[in-house]
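The values are calculated or read from the model by the stated rules, or taken from the named source; none is laboratory data. Please read all numbers here as calculations on a predicted model, not as lab measurements. Every residue, glycine as well, gets a Cβ built from its backbone with ideal geometry; the counts of neighbours run over all protein chains shown. Note: areas computed on protein heavy atoms with side chains; ligands, DNA, RNA excluded. Shrake-Rupley method; radii C 1.70, N 1.55, O 1.52, S 1.80 Å.
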Amino acid sequence: MQPYTAELLQPWVDSARKRGLRDIAFTDHDRYRAGIDFDEIDKLREKHVDLKIRAGIELDNDPVNSAAGRKWVEKHWDKLDFVLGSVHFLERDDQMFDSVPAGAAQFADRDIDVLYADYFRRVREIAATGLVDCLAHIDLIKIHGHRPKTRIETLVDGTLDFIVERGLSLELSTAGWRKPVNELYPSDEIVQLAIAKGIRFTTASDAHSHVQIGENYGRLAEKMMQHEIEGVCVFERHQVQLHSF
């Protein structure tokens, strides 16, 4: 956890400009909420009026921190542009399943279909909180390369329907290309299923360092063209803004 300061945030702006980005969002995990300073974000906005800077947070299912994280989101709802929802914990409370490489041990000798089904159930629980605008890396469960025997449509379809009912969006995240699975989040199959249901998309690099911001966006653009995705949505104070290409 690092408190937001001008010195901490400026490199992200510099990297965004180098990548040719005009719109960025800070979305720390809710366990780091103590460092978020909306005044510092406002100062950054005033200094860089040519760059749209959005305030967000990623709310996950951390068994230790996320109850307090949800209360924090409720308290600061009006200051946040949008909230990502994600799942990083399965049965173990002491370790995120997506930690690399340690988290892969949680999949050893397990029924992968059962783990997938349990994971998507947890995704629906996050969506049901009413506190998220968009689901992040919705098929993160594949991070270590484990694939279900059951067709992915059978496992994810109910979750996508729930997303439609809630009016939520899905994130297209390039982070999967730097993980062991080496694949966009979500997979081509899930993207096509989501398109068929009319689900909107956002874009993300899930940068954990300013050098990763906008990473593989050229590759993402090609993928979006393949899927004939003609626009994305962004959020301002939780209101959807559609941007067509």
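Before we move on, is D39 outside any helix (DSSP H, G or I) and either open to solvent by less than 20 Å² (accessible area, probe 1.4 Å) or not aliphatic (A, V, I, L, M) (or both)?
So D39 fails the test.
Within the range 84-143, work out how many residues are among the aliphatic types (A, V, I, L, M) and within 26 Å of V240 (Cα to Cα).
First, the residues of the range 84-143 that are among the aliphatic types (A, V, I, L, M): 84, 87, 90, 96, 100, 102, 104-105, 108, 112, 114-115, 117, 123, 126-128, 131-132, 135-136, 138, 140-141, 143.
After this cut, where a residue has to be within 26 Å of V240 (Cα to Cα) as well, the list is 84, 87, 123, 126-128, 131-132, 135-136, 138, 140.
Total meeting the criteria: 12.
List, please: which pairs have Cβ atoms under 7 Å, are six or more places apart or on different chains, and start with a residue in the range 229-245 that is farther than 17 Å from R166 by Cα and aliphatic (A, V, I, L, M) and end with one that is open to solvent by 30 Å² or more (accessible area, probe 1.4 Å) and not in a loop (DSSP other than H, G, I, E, B)?
V232/T203; V232/H243
Mind telling me which of the residues V164, V232 ends up being part of a strand (DSSP E or B), more than 19 Å from H88 (Cα to Cα) and open to solvent by 10 Å² or more (accessible area, probe 1.4 Å)?
Every option except V232 fails the conditions.
State which residue is most open to solvent (accessible area, probe 1.4 Å) when the search covers only the range 57-90 and only residues that are aliphatic (A, V, I, L, M) and without any contact (Cβ under 8 Å) to a residue 40 or more places away in the chain. Before the answer, list the steps.
Pass one, the range 57-90, residues aliphatic (A, V, I, L, M): 57, 59, 64, 67-68, 73, 80, 83-84, 87, 90.
Narrowing further to those that are without any contact (Cβ under 8 Å) to a residue 40 or more places away in the chain: 57, 64, 67-68, 90.
On the way: I57: 0, V64: 112, A67: 74, A68: 44, L90: 10 Å².
Looking at the filtered set, the residue picked out is V64.
For G231, work out the one condition from (1) modelled with pLDDT of 95 or more; (2) more than 30 Å from A102 (Cβ to Cβ) it doesn't fulfil.
If we test G231 against (1) modelled with pLDDT of 95 or more; (2) more than 30 Å from A102 (Cβ to Cβ), just (1) comes out false.
Please specify each residue of the range 91-103 satisfying the condition of being open to solvent by less than 10 Å² (accessible area, probe 1.4 Å) and assigned to a helix (DSSP H, G or I).
G103
Taking the range 126-172 as the search range and keeping residues that are free of Cβ contacts under 8 Å to residues at least 60 places away in the same chain and acidic (D, E), which one is farthest from N61 (Cα to Cα)?
Applying the filter and picking the extreme gives E153.
When both residues are 6+ apart or on different chains and their Cβ atoms are under 8 Å apart, which pairs have a first residue that lies in the range 91-118 and is closer than 22 Å to I152 by Cβ, and a second that is of a type in the set (S, T, N, Q) and open to solvent by 30 Å² or more (accessible area, probe 1.4 Å)?
G103/Q95; Q106/Q95; D113/T150; Y116/T150
Return yes or no: is T154 touching a Lys or Arg at 6+ places or on another chain (Cβ under 6 Å) and part of a helix (DSSP H, G or I)?
no
Hey, among the residues in the range 193-212 that are of a type in the set (S, T, N, Q) and crowded, with 18+ Cβ neighbours inside 10 Å, which one's farthest from L8 (Cα to Cα)?
Selected residue: T202.
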